[in-house]
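In what follows, a structure is listed as C-alpha cells, so that the remarks can point back to it.
The values are calculated or read from the model by the stated rules, or taken from the named source; none is laboratory data. Worth saying up front: this structure is predicted, and the values here are computed from it rather than measured. For neighbour counting, all protein chains shown are included, and Cβ atoms are generated from backbone atoms with ideal geometry for every residue, glycine included. Remember, those area values only see protein heavy atoms, side chains included, never the ligands or the DNA or RNA. Shrake-Rupley method; radii C 1.70, N 1.55, O 1.52, S 1.80 Å.
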Amino acid sequence: MFDRLPFLIGLRYVGAKRRNHFISFISLTSMLGLTLGVAVLILVLSVMNGFDREMRTRILGMVPHTSIEKPSGLVEWEPLAERLMQREHVIGAAPYIQQQGMFSAAGRNQGAMVNGILPEWENQVSIIGEHMQRGSLDDLVAGGWKVVLGSQLARSLGVGVGDRVTLLVPEASITPAGVFPRLKRFTVSGIFSVGADLDGGLAYAHLEDMQTLARMGNAIGGLRLELDDLFLAGSVTQSIINDLGMDYRGLDWTYTRGNLFQAIQMEKRMIGLLLTVIIAVAAFNIVSTLVMVVTDKHADIAILRTIGATPRSVMGIFIVQGLAIGIIGILIGVVLGIVLALSVADIIAFVESTLGFKFLDSGVYFISELPSELRWSDVRQVVLAAFGLTFLSTLYPAWRAARVQPAEVLRYE
C-alpha cells in the first residue's frame, strides 16, 4: 500500500479544493507559465529552423557553394569542369562571368550583378529554373542580347518581358570621339523570383553575350560548383586549389553569405537560452506552490507519518504533485507549440491581409514570408529541459515535507 501512496495522494492533491485559494492560483499560474514557455520556445525554434532552411534552399541555391577562378580567365574550361565533377562531394559545375553594372529603363536606374551563364549548364548548380515567373532560361541564346531579371529589379525599372533595358558597365571605351562608358541594349526575356534580396540585384544573360560585352574572348570568369554537403565547401575548395596550383583561387559561400548563416545560428541559440530561462521561472514557481502546500498540509503529513509512512514516501507525494502540475503544463504547451509552428505562416498571412501591413519586406530581409520548420528533435529537447527543471523545483519543498516532525505538529491538535 505504501508503495502506491505517493502517487495516489500526490495526484489527489493536484485537483483537491483548498482552503487557501491563493495556492490554487499560484499552481495555475505555474502551469500556464510552463504552457506558454514551452509553446513559444517550440514556435521560435521552428521559425529559426525555417529561416535556416530558406537560406540554404533559396539563397545558397542561387549563389555558388564554391567558385574556382583564375585572374587571367579560364579558356579551356570544359575539361576542367569534367575533371572537377569527378571529385568527391562535387555534384555539378557551370561556367559563369560576373559583371557589376547598372540597368536603365524609362528614366529609372538600378544597380545589379549580371551573371553570364549557359542555360544548359546552369541547372546543375542553381535553382533559378524552378523560380521563373515568366519566360525561361532557355530563351537566353548567344547573340540574342536577352536578359532575365529578378522580380524586384524588374519592378524597380518598371519593365516586363519584351521590354528593352540598357546595361551600363563600369568600363570605358576609348573611341576617336573620346572616352565613353560601355553600354548595351538588352531585351527582357524572363523574370524570376526566389523571395529573397537576390530578386532586387541579380540578372542573367547568355555567357557569350557577356564575353562580348566584357571583351573576354573565349575566356570565362570561373566555374561554379555544387556540393552534396555545403558545410564541406571550405575544405573542398582548399583541396581543389591545392591540386590546381596557385594560379587558381577559390571562393566558397562562407565568404559571401556565411555571416548570415552564423547570425541565424547564434540567434537560435541565444533565443533558445532566453526562452529556457522563462520556462525555468515558470517551473520554479512550483517551488512556491509546493512550499505553501506543505505548510497547509502539516497535519496531514504528521498523520501519515504516525500510521507508518516513511520520510521517503512523504517526499514522493510532493514530487508527484509538482511533476503532475509540470507535466500537464508541458503537454498542453507541446500541443499548442506544434499547432502554432505548423500554422504560423497562415496566421501571419491572415494578419497581413487583415491589417494591410507586410511584416517581412524582402527589400529589407532576405526572405518575404515567415518560414517554419518543426523538428521533433527540438520538441524532444524542449520537453526534456522543461521536465528536468520541473523535477528540480520539486526537490526542496518535498525535502521540507519529509522533515516534518509528527510530535511537534500534533501537540496542539
With axes computed from alpha carbons, what is the tilt in degrees of helix 233-244 against the longest principal axis of the chain, rounded to the nearest 10 within 0 to 90? 40
Projected onto the charge dipole of the chain (unit charges on the beta-carbon of Lys, Arg, Asp and Glu, signs +1, +1, -1, -1), the Cα from Q152, G73, F261 with the largest positive-side position is that of F261
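What does the extension gain come out to for R83 and M102, with contour length at 0.36 nm per residue minus their alpha carbon separation?
3.3 nm
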If I take R0 = 45 Å and measure r between the Cβ atoms of I271 and I241 in this structure, what FRET efficiency does the formula 1/(1 + (r/R0)^6) give, to the nearest 0.05? 0.75
Pop out the ³J(HN,Hα) list for the stretch 125-139 in order, Karplus 6.51 cos²θ - 1.76 cosθ + 1.60 with θ = phi - 60°, rounded to Hz; leave Gly and Pro as x. 10, 9, 9, 4, x, 7, 10, 7, 7, 9, x, 8, 4, 5, 6
Tell me, what is the per residue accessible area of the chain in Å², probe radius 1.4 Å? 50
Which one, L28, A283, I271, projects farthest toward the positive side of the charge dipole computed for the chain from Cβ point charges (K/R +1, D/E -1)? L28
Can you compute 3J(HN,Hα) from phi for each residue in the stretch 81-98, using the Karplus curve 6.51 cos²θ - 1.76 cosθ + 1.60 with θ = phi - 60°, rounded to whole Hz and x for Gly and Pro? 4, 5, 5, 5, 6, 7, 6, 5, 6, 8, 10, x, 8, 7, x, 7, 10, 10
Under unit Cβ charges (Lys, Arg +1; Asp, Glu -1), what dipole magnitude, rounded to 20 debye, does the chain have relative to its Cα centre? 1980
At a 1.4 Å probe radius, carbon and sulfur cover how many percent of the accessible area of the chain? 59
Hz values of 3J(HN,Hα) by residue in the stretch 381-396 - Karplus curve (6.51, -1.76, 1.60), Gly and Pro given as x: 5, 5, 4, 5, 5, 5, 5, x, 5, 5, 4, 4, 6, 8, 5, 5
Can you tell which of S372, S288, S126 shows the greatest fluctuation in a Gaussian network model of the chain with Cα springs below 10 Å? S288
Using the Cα centre as the reference, give the magnitude of the dipole from point charges on the C-beta atoms of the stretch 91-220 (Lys, Arg: +1; Asp, Glu: -1; all else neutral), rounded to the nearest 20 debye. 520
Taking only C-alpha positions in the chain, Rg and Dmax in angstrom work out to 32.3, 116
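Given the Cα-Cα distance of T295 and Q124 and 0.36 nm per residue of separation, how much length would full extension add, in nm? Can you show the working numbers first?
Numbers: separation 171, 0.36 × 171 = 61.56 nm, distance 7.06 nm.
Going from the current span to full extension adds 54.5 nm.
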Amide hydrogen neighbours beyond the local backbone of D163, cut-off 5 Å, H modeled: V188
List the residues whose amide H sits under 5 Å from the amide H of Q133, counting only those 5 or more places along or on another chain, with H placed 1.01 Å from N in the peptide plane. I191, F192, S193
Kindly report, to the nearest 10 Å², the accessible surface of D243 as traced by a 1.4 Å probe over protein heavy atoms only. 90
Selected from G388, G337, G92 as most flexible by GNM, with the chain as the system and alpha-carbon contacts under 10 Å: G388
Any chance you could look up the accessible area of V339 with a 1.4 Å probe, heavy atoms only, rounded to 10 Å²? 80
Choose one answer from I241, I330, I286: the residue with the largest mean-square fluctuation in a GNM of the chain with alpha-carbon springs under 10 Å. I241
